[in-house]
2 protein chains.
Amino acid sequence: MVAALDLFAQRGYENTTVIDIAERAGLTKSTFFRYFPDKREVLFGGDTMTDLLATGIAAAPVTATPLEAVAHALDAVGRDAFTPARRAFTARRQAVIAAHAELQEREALKGLGLTAALADALRRRGVADLTSRVAAELGALTLKIAYERWSDTTNTDEFTDVARRTLSEVHAASASSLPADVGSGEGRPAPSPVLGRLRG
Amino acid sequence: MVAALDLFAQRGYENTTVIDIAERAGLTKSTFFRYFPDKREVLFGGDTMTDLLATGIAAAPVTATPLEAVAHALDAVGRDAFTPARRAFTARRQAVIAAHAELQEREALKGLGLTAALADALRRRGVADLTSRVAAELGALTLKIAYERWSDTTNTDEFTDVARRTLSEVHAASASSLPADVGSGEGRPAPSPVLGRLRG
């Protein structure tokens, strides 16, 4: 909410009260509390991002691989959340969070929630559990890096394009961190000869 | 610290004070504060895990791939942290954390710190930035899943064995979430034809 961010920037996060925020936003206190349990949740409230990711994955074509489904979800984020008009807002939100350990902790937990939502949505497509978790981690990492790049104010590209490029790079980096002889694997994962090498 | 966990279990986390913990552990209050800023940090304090992971990666053979270096780090965790004697302790710690949103947030941030430490240690080996971040995420996911499996009290395997098997599975799952035609990539990541397919 812009009113809250303005106040956090002007007075500091600690010195801003719920009453200040409600007043600035033209809300009564009780309306505020209908949406948020406290001032902190103004920065984290709502499940917009989680919903966008889950819906995006569900809407991907049946034939999409896990990472293609993730790409679909990232498109939805670019279309409905990280729009050009929201770039300044999200960058300011990030600056407030970066300045407070308590908010960083909350943000970290929110990140785990997003990853879990991605994994759940993939499992609902019938993707195997572990593959869902791995693809979700790669998707969450892509979202994070793409966000870092997109929120750089010298960058004028749209989020969707940044995310597509980033996913492609994460994808290639993932392949390059795997030894070439693993990956044929359908069904049971074969024990990796590379990991075996270190074992003895 | 066992004394703190005992008290958290008996009285509840909220009802336990630093003085209670110091007394039970046979420490003066000021000695307690030399080690921990508050009672919460008893559960998170210390950089043992971060140090073990970073040192393990640094000690891997020069020829090790990023994920082989991660395997090395997981061995170190099994050798020096998640020992059989510590299994009950870590399970109890986890139970306290699971019961408190505030502690889950702190734990989430600690998880990000571990991932960042893995990525830093890989970069110091000369691994490219993005590959370091991807391998670190896969390593952190492996640590998390292996921990879940190992802390299941019906499981009597040693952490190192559990972690090796898990890394091998994460590895195979990672390969299976990637289309087969990416991964030759040395140097610049090629744009993925699979991602391109969705773009139009």
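The values are calculated or read from the model by the stated rules, or taken from the named source; none is laboratory data. Everything quoted here is computed from the prediction, not taken from an experiment. Heads up, the Cβs are rebuilt from the backbone with ideal geometry, glycines too, and the neighbour counts pull from every protein chain shown.
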Practice item. Collect the residues in the range B:51-75 that are hydroxyl-bearing (S, T, Y) and away from chain A (no Cβ under 13 Å), keeping them in residue-number order. Key: B:T55
**Study point:** Looking only at the range B:26-44, and only at residues there that are surrounded by 14 or more Cβ atoms within 10 Å (Cβ to Cβ) and without any contact (Cβ under 8 Å) to a residue 60 or more places away in the chain, the one that is farthest from B:R123 (Cα to Cα)
**Key:** B:L27
Study note, to complete from the structure: Residue set A:S184, A:S192, A:S176, A:S168; condition surrounded by fewer than 22 Cβ atoms within 10 Å (Cβ to Cβ), at the interface with chain B (Cβ under 9 Å from one of its Cβ atoms) and modelled with pLDDT under 95; output residue A:S184
Exercise for review: Consider B:A58 carefully, then state whether it is surrounded by fewer than 15 Cβ atoms within 10 Å (Cβ to Cβ) and touching a residue at least 60 places away in the same chain (Cβ under 8 Å).
Suggested key: yes
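Could you please let me know if B:L112 is within 14 Å of chain A (Cβ to nearest Cβ), without any contact (Cβ under 8 Å) to a residue 60 or more places away in the chain, surrounded by fewer than 21 Cβ atoms within 10 Å (Cβ to Cβ) and within 23 Å of B:Y13 (Cβ to Cβ)? Before the answer, list the steps.
Values: within 14 Å of chain A (Cβ to nearest Cβ): yes; without any contact (Cβ under 8 Å) to a residue 60 or more places away in the chain: yes; surrounded by fewer than 21 Cβ atoms within 10 Å (Cβ to Cβ): yes; within 23 Å of B:Y13 (Cβ to Cβ): yes.
For B:L112, the condition - within 14 Å of chain A (Cβ to nearest Cβ), without any contact (Cβ under 8 Å) to a residue 60 or more places away in the chain, surrounded by fewer than 21 Cβ atoms within 10 Å (Cβ to Cβ) and within 23 Å of B:Y13 (Cβ to Cβ) - is met.
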Review point. Of everything in the range B:124-150 that's of a type outside the set (S, T, Y) and more than 10 Å from every other protein chain (Cβ to nearest Cβ), which residue is surrounded by the fewest Cβ atoms within 10 Å (Cβ to Cβ)?
Key: B:G126
Check your understanding: Are any of the residues in the range B:9-21 in contact (Cβ under 8 Å) with a residue 40 or more places away in the chain, part of a helix (DSSP H, G or I) and under 14 Å from the mean Cα position of the chain (by Cα)?
Key -> no
